[in-house]
Amino acid sequence: MMDEVLEYLQPVPGGLYIDGTLGGGGHTAAILERSAPDGKVLGIDTDQLALDRVGARLVEFVESGRLILAHGNFSDLAQIVKQTGFGAGHPLQGVLLDLGFSSDQMDTPERGFSFGADGPLDMRLDQSLPLTAADIVNGASEQELADIFWRYGDESRSRQLARRIVHMRTQSEFTHTAQLAALMAAGVPRKPGAIHPATRAFQALRIAVNHELESLEKVMPQIVDILEGDKKPLQGEIENQSATETSRAGRMVIISFHSLEDRIVKEFTRREAKDCICPPRLPVCMCGHKARLHILTNKPVVPGELEIEQNPRARSAKLRAAEIAINS
Ligand SMILES: C[S@@+](CC[C@H](N)C(=O)[O-])C[C@H]1O[C@@H](n2cnc3c(N)ncnc32)[C@H](O)[C@@H]1O
């Protein structure tokens with residue numbers, strides 16, 4: 001969703017942007033191009049291999065100081081911004097999150113995300129995380145496994161799969177993706193065009209291994225704080241034709257691939273776009289909450305048919321965007 005990201009982020013020369021999910025660097029490269037000659041991007045990824053690859057590919061931006069790379073989890077966004085000194089406390093112009101995992105990760109069997117090609121049952125986006133998918137599959141209780149498949153994968157066979165795993169692992173532990181995928185596909189007739197029977201359970205395991213929903217919950221308020229900065233633009237500055245482009249309200253753009261992720265983004269942005277968040281039964285406002293966001297996408301933006309045809313993995317993508325409310 002490159003065009004949509006640029007449309008909502010609206011990179012401008014001199015702007016300061018954070019790409020919290022650097023991945024293959026596609027969005028970062030486009031932001032750098034649009035914000036030339038002096039816009040800057042702080043590119044963060046929890047996967048050191050992704051940072052190494054982008055560092056080599058976009059070396060000229062790294063050397064010129066326009067691209068700063070940082071290894072870390074976006075759930076620690078405020079700390080990463082502080083450590084790198086990015087923006088030096090000034091409001092930034094935009095933050096992008098393109099959640100989930102990248103094609104590079106999916107297409108490298110050794111990373112353990114793929115059920116199509118065999119590899120170790122790993123699934124860690126950050127190789128320094130303590131628990132792999134194999135640790136969960138071999139160590140979690142039947143109930144815990146069923147909960148993971150149901151909650152994070154909407155897998156209707158959650159209990160059955162959990163029962164079969166627990167039975168099988170008494171004979172031999174699960175170490176490889178093909179072994180687990182075969183168990184999940186056993187006895188399921190494949191209809192043409194239907195997703196692989198392991199798709200939902202693999203997605204659920206990946207979300208559990210990487211604590212993906214918790215990270216998203218943690219980063220949302222930090223994004224708003226960072227976009228507001230220590231110095232907020234004044235209404236007059238925004239309306240003033242002579243004001244620099246970078247005095248515009250900061251924007252956040254988030255692409256999610258899972259209904260639970262989209263719900264977290266939707267509920268957070270809706271709450272932060274309200275002046276009062278008291279329960280409706282209260283006759284007067286007791287909370288004093290002030291809107292900090294203005295929502296730019298009332299409904300999520302979804303990819304067009306052509307993009308889905310060219311990239312079937314985009315089929316479940318949903319983009320939501322919001323900007324800092326000027327009078328917040
Ligand atoms: C869908 S890809 C991003 C693709 C990227 N927008 C591009 O243009 O190539 C998601 C990336 O985010 C990273 N990631 C996922 N969760 C993360 C987190 N909590 N903190 C930092 N990086 C994360 C993954 O390692 C992966 O490289």
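Laboratory data are not the source of any read-out in this text; all were calculated from the coordinates shown. Predicted, not measured: the structure shown is a model, and the values here were computed from it.
When the Cα atoms of the chain are enclosed in a convex hull and the volume is divided per residue, what value in Å³ results? Provide the component values of the computation, followed by the final result.
Values: hull volume 52.2 nm³, N = 328.
Spelled out: Cα convex hull of the chain, divided by residues, is 159 Å³.
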Checklist outcome for this item: Kirkwood radius from Cα pairs of segment 99-159 plugged into Stokes-Einstein at 25 °C, 0.890 mPa s, gives D in µm²/s equal to 195
Checklist entry - Which semi-axis lengths, in whole Å and largest first, follow from the square roots of five times the eigenvalues of the Cα gyration tensor of segment 46-117? => result 27, 16, 10
Checklist entry - Taking every DSSP beta bridge that has both residues in the chain, what percent is antiparallel when rounded to the nearest 5? => result 40
Checklist outcome for this item: Violations at 28 Å Cα threshold for listed pairs 40/274; 191/218; 40/290; 191/299; 82/318; 191/318 -> 40/274; 191/218; 40/290; 191/299; 82/318
Checklist entry - When the chain is modelled as a GNM with alpha-carbon springs shorter than 10 Å, which of 57, 124, 66 fluctuates the most? => result 57
Next on the checklist: Taking 8 Å as the Cα distance limit and 6 or more residues as the minimum spacing, I'd like the relative contact order of the chain as a percentage.
Outcome noted: 17
Checklist entry - Expressed as cubic angstrom per residue, what is the convex hull volume of the alpha carbon set of segment 130-209? => result 87
Next on the checklist: With angles folded into 0 to 90 degrees, how steeply does helix 259-272 sit against the dominant principal axis of the chain? Use alpha carbons for both and round to 10.
Outcome noted: 20
Checklist outcome for this item: Taking Cα atoms only, helix 158-169 is inclined relative to the longest principal axis of the chain by an angle, in degrees rounded to 10, of 60
